[in-house]
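Working notes, structure below.
Read-outs: derived from the displayed coordinates by stated rules, not from any lab. Since the structure is predicted, the reported quantities are computational estimates derived from the model, not experimental observations. Here the Cβ is made from the backbone with ideal geometry for all residues, glycine too, and neighbour counts use every protein chain on show.
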Amino acid sequence: MLFAADRSLELLELSAESSALQREWQSMAGLVPTLGPGAYCVLFELDVELTIETGRLGSVSYAAGAYAYVGSAMKGISARLPHHLRPPKRPHWHMDYLRPKGRPTAIVVAESDLQVECAIARHLDNGFTVVRDFGSSDCRCAGHLFHGKDPGALLGASVEAVEAIGCRALVITPPVAGDWEKAVRDGVADSAQA
Ligand SMILES: [Zn+2]
């Protein structure tokens with residue numbers, strides 16, 4: 001019986017951690033300003049190595065560390081990106097399987113009328129480890145997900161990649177590091193101004 005109690009406590013802790021992460025993503029979604037079409041890098045961290053069933057990619061092992069996913073939203077970033085940051089009802093994109101397990105660290109946005117996501121991905125391919133075939137079913141890139149050990153280096157490289165293709169990099173970061181509860185309670189917009 002003791003084992004069963006321990007086990008349920010463990011599950012409870014796991015689901016509490018997962019809902020805390022979902023709140024962080026939810027808050028991140030609320031910070032996306034009104035933007036036109038373009039591309040974006042979603043940056044997040046995994047605390048531990050995880051093996052996750054990733055749709056058609058099958059079972060993939062993701063090392064602990066920092067990740068940047070490059071995507072695009074040609075119908076408008078503010079119209080589509082927040083939708084991708086909220087808990088997926090039914091996983092569809094590769095990111096839907098992985099993102100809920102990660103902790104958001106930043107989003108780098110590049111407004112552009114041109115398809116620039118693959119150009120950004122090519123820049124990140126130089127210096128970071130690509131997760132093969134992740135997010136690149138519709139293009140010829142090796143992948144659109146990149147892994148590195150240092151989150152700061154990956155963020156810097158994402159900004160450089162956006163600037164290298166001639167776009168302005170808009171960086172969206174969590175309102176107060178480690179204080180999401182407060183951000184959610186006060187309303188994300190208020191804490192973003194503070
Ligand atoms: Zn591509």
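Sequence-ordered 3J(HN,Hα) estimates for region 60-65 from the Karplus curve with 6.51, -1.76 and 1.60 and θ = phi - 60° stand at 10, 8, 10, 5, 5, x Hz, glycine and proline given as x. Residues whose amide H falls under 5 Å from that of SER112, counting only those 5 or more places apart or on a different chain, are GLY38, ALA39, with hydrogens built in the peptide plane. Residues TYR40, TYR62, ranked from the fewest to the most other C-beta atoms within 10 Å, line up as TYR62, TYR40.
When HIS83, HIS94, HIS123 are arranged by Cβ crowding within 10 Å, least crowded first, meaning fewest neighbours, the order is HIS83, HIS123, HIS94.
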